[in-house]
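The values are calculated or read from the model by the stated rules, or taken from the named source; none is laboratory data. Values in this document were obtained by computation on a predicted structure and should not be read as measured data. Positions of Cβ are generated from backbone atoms using ideal geometry, with glycine treated the same way; all protein chains shown enter the neighbour counts. In case anyone asks, the SASA skips ligands and DNA or RNA and just uses the protein heavy atoms, side chains included. Shrake-Rupley method; radii C 1.70, N 1.55, O 1.52, S 1.80 Å.
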Amino acid sequence: MRALLLMVRRGLAQHKLSSSITAGSLALACGLVMAVFALREQSYAAFTGGSTAFDAVLGARGSQLQLVLNTVFHLETSPGNLPWSLVQAIERDPRVKAAVPYAVGDNYKGFRIVGTGANLFSDFEARKGDPWRVQPGGRFFEPTLREAVIGDFVARRTGLRVGSRFQPYHGLTYVESAKHEEQYLVVGILEPTRTPADRAIWIPIEGIFRMGGHVLRGTGEAFDASKVAEIPDEAKEASSVMLKLKSPQAGFTLDAEINKQGKVATLAFPIGGVMAELFDKLGWMNRVLEAVAYLTVLVAAGSVMASLYNTMNERRRSLAILRALGARRTTISAAIVLEASAIAALGALLGFAVYVAILSGAAELVRARTGVVLDAWAWHPALVAAPLGIIALGALAGLLPALSAYRTDVARNLQPTS
Amino acid sequence: MSPSPHVLHLAGLRKSFRSPDGSVQPILDIDSFALAPGEQVALAGASGTGKTTLLHVIAGILTADSGVIELAGTDLARLSEAARDRHRALHLGYVFQTFLLLQGYSALENVLLAQMFGAGADERRARELLDRVGLGDRIHHRPAQLSVGQQQRVAVARALAGKPSLVLADEPTGSLDPTRARDALALLCDACREQGAALLVVSHDRDVLARFERVHDLAELNRAGRAVTAGGSA
């Protein structure tokens, strides 16, 4: 065994460059495979389960997916507005435990401003089991004042702090010329929630109603709320209503009433189910990514075989000397397989660095775009299966060069070369 | 059955190769040859008399067509290839003409490897042997970092590493200048004597042959070699 390990060590040392390059290509392949599987599972879990403590979303008639993306993930545009009567009706529904309206239409430097009720922070949670919390020195907004609570990511990206004032920009995308006149005071920064809420700015819904240039069409006719002291309920509108239901059964009956029998609104329930449908539709993309990852592994395994096989001619003399010293054919063959496995093991080890790099980059991108946080260090079975598979494949790739070593003609290769 | 009084005994040894034209070319045809434990013998032979082939057959690197090759009491012809490898590692040391050191390995590792395939690594003995051949301060040097003479000494230490009962040396001074050759041969003979190993040297160098009391002419010993020599082969 000691001889075997010495032979492997020297084999690796004598072919440092090709061994390193091969290990590097295996590292890329291993990291890619682990990243593809881990990213798929983590993003699925994050987008279908962990991001929200809401049970359902009520919005204008349209796509459930658009409704969820707009209200839960602060992506996409709103499918339309709900008349205030529907907001009030759902608030009063005995199957609903809590309801809070959302109104969107403005941003600050690209971060979405969401008008909502103060009960968002009392009746709902940031994540299941995690109540909303503001960082020390802050508080939640007063519903009648021009105050804002901002997400942790927004604070870090924009530099806004408690006490900062800002002017919203009209629309969901940042256009410098579309600045509103109103000034809002930041009164609180949310503790990081690791959800899309981290990249939202929360203001009282009245603020959205009264923002200069906004027009309410609850009655069907344009109503400028910036000029009146009291806004009539019939003029008000909401982009959506976030709901907490008393039971899952309530969700199914509401779904039947609103989506199947009704014609004016859409209920997205369960929210995770709506997102799961999206992932199912994108399943083909995952399969393509998996296929690319597997192909990379095959190419890398081929490179192990090629690099070892190409060195066999220069190794023959050494192998013949080892045989003359008493090494068996099986010993030198085993040394070659072990060397291939060692290269693969090194590649698998480096693969973790590649994996962390890919996942960190992807997690940063996903967080910047959606607020959803993926954890590069989270456990996934692929983190064990892929390295083990790579090592096994490396050993397999060493078989052909090992066979060539096995067949080394000792007497012929001991002959003087000069 | 009494133990063999010889460390090496050849009887009726035949070895031939097939030529590219398909004809069978006899290389070795030796009726009888024996070597007692600790004995030092030289075989004199010009090129083409089958010197290297004979040593390879004795080492079990090549198999004979027929005959007995008894090394340390065991007939190699009765052993499987793996058993021959093991027997070689346990009982035989080999000094090649061009030393054939493993280039990627240090002097110490070259010696240790020879032990590892036999009874097991004994680093103390490996260091002592290298010290004995005057390379105690070069044990971590690679062959390329050693002079030709130093490489030859590593080869001697390696050949003796596994406490062999027989050391084969194929033109052991062929790569050295006369002064170094003389020193190297003296070292080889002395070291074998100290370690209790028999020594069989094949060479065409008269200076080398002159050192041995028992010298056989390979052309006389090997009938096939005689034929080759008579045929004018180089």
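Of note:
- Selection status of A:Ser318, within 14 Å of chain B (Cβ to nearest Cβ), on the phi < 0 side of the Ramachandran plot and not β-branched (Val, Ile, Thr): yes
- Residue ranges of strands (runs of 3 or more DSSP E) in the stretch A:75-162 with at least 1 members more than 22 Å from A:Val215 (Cα to Cα): A:96-108, A:125-127, A:147-150
- Taking the listed residues A:Leu393, A:Leu349, A:Leu338, the one that is closer than 16 Å to A:Ala23 by Cβ, open to solvent by 70 Å² or more (accessible area, probe 1.4 Å) and either under 32 Å from the mean Cα position of the chain (by Cα) or modelled with pLDDT of 90 or more (or both) is A:Leu349, with no other qualifying.
- Taking (1) assigned to a loop (DSSP other than H, G, I, E, B); (2) more than 26 Å from B:Val148 (Cβ to Cβ); (3) modelled with pLDDT of 90 or more; (4) of a type outside the set (D, E, K, R) in turn, B:Leu102 satisfies each apart from (2).
- Answer from A:Val114, A:Val134 - the residue that is assigned by TED's automatic domain parsing to the domain that holds A:Lys236 and open to solvent by 20 Å² or more (accessible area, probe 1.4 Å): A:Val134
Residues checked against (1) of a type in the set (Ser, Thr, Tyr); (2) surrounded by fewer than 23 Cβ atoms within 10 Å (Cβ to Cβ); (3) at the interface with chain A (Cβ under 9 Å from one of its Cβ atoms); (4) at positive phi:
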residue: B:Thr63; (1), (2), (3), (4): yes, yes, no, no
residue: B:Glu70; (1), (2), (3), (4): no, yes, no, no
residue: B:Ala83; (1), (2), (3), (4): no, yes, no, no
residue: B:Gly93; (1), (2), (3), (4): no, no, no, no
residue: B:Val111; (1), (2), (3), (4): no, no, no, no
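- Residues (within 25 Å of A:Lys227 (Cβ to Cβ) and open to solvent by 50 Å² or more (accessible area, probe 1.4 Å)) located in the stretch A:173-199: A:Val175, A:Ser177, A:Lys179, A:Glu181, A:Gln183
- Within the stretch A:399-416, considering residues that are among the polar types (S, T, N, Q) and touching a residue at least 12 places away in the same chain (Cβ under 8 Å), the one farthest from the other protein chains (Cβ to nearest Cβ): A:Ser404
- From the list A:Gly62, A:Gly24, the one residue that fits, being at positive phi, over 17 Å from the mean Cα position of the chain (by Cα) and surrounded by fewer than 20 Cβ atoms within 10 Å (Cβ to Cβ), is A:Gly62.
- Test: residue in the stretch B:48-61 that is within 9 Å of another protein chain (Cβ to nearest Cβ), open to solvent by less than 10 Å² (accessible area, probe 1.4 Å) and not basic (Lys, Arg): yes
- The criterion of being in contact (Cβ under 8 Å) with a residue 24 or more places away in the chain, surrounded by fewer than 22 Cβ atoms within 10 Å (Cβ to Cβ) and either under 30 Å from B:Ala82 (Cα atoms) or in contact with a Lys or Arg (Cβ under 8 Å, 6 or more places away or on another chain) (or both) holds for B:Ala119.
- Test: residue in the stretch A:158-171 that is under 22 Å from A:Glu125 (Cβ atoms) and surrounded by 18 or more Cβ atoms within 10 Å (Cβ to Cβ): no
- Selection within the stretch A:250-263: residues that are more than 15 Å from A:Val57 (Cβ to Cβ) and touching a residue at least 24 places away in the same chain (Cβ under 8 Å). The member of this set that is most open to solvent (accessible area, probe 1.4 Å) is A:Lys263.
- Of all residues in the stretch A:10-32, those that are away from chain B (no Cβ under 11 Å) and closer than 30 Å to B:Ala107 by Cα have Cβ atoms under 6 Å from Cβ atoms of residues that are open to solvent by less than 10 Å² (accessible area, probe 1.4 Å) and not hydroxyl-bearing (Ser, Thr, Tyr), 6 or more apart or on another chain, in A:Ser19/A:Ile343; A:Thr22/A:Val304; A:Thr22/A:Ile343; A:Ala23/A:Ile343; A:Ala23/A:Gly347.
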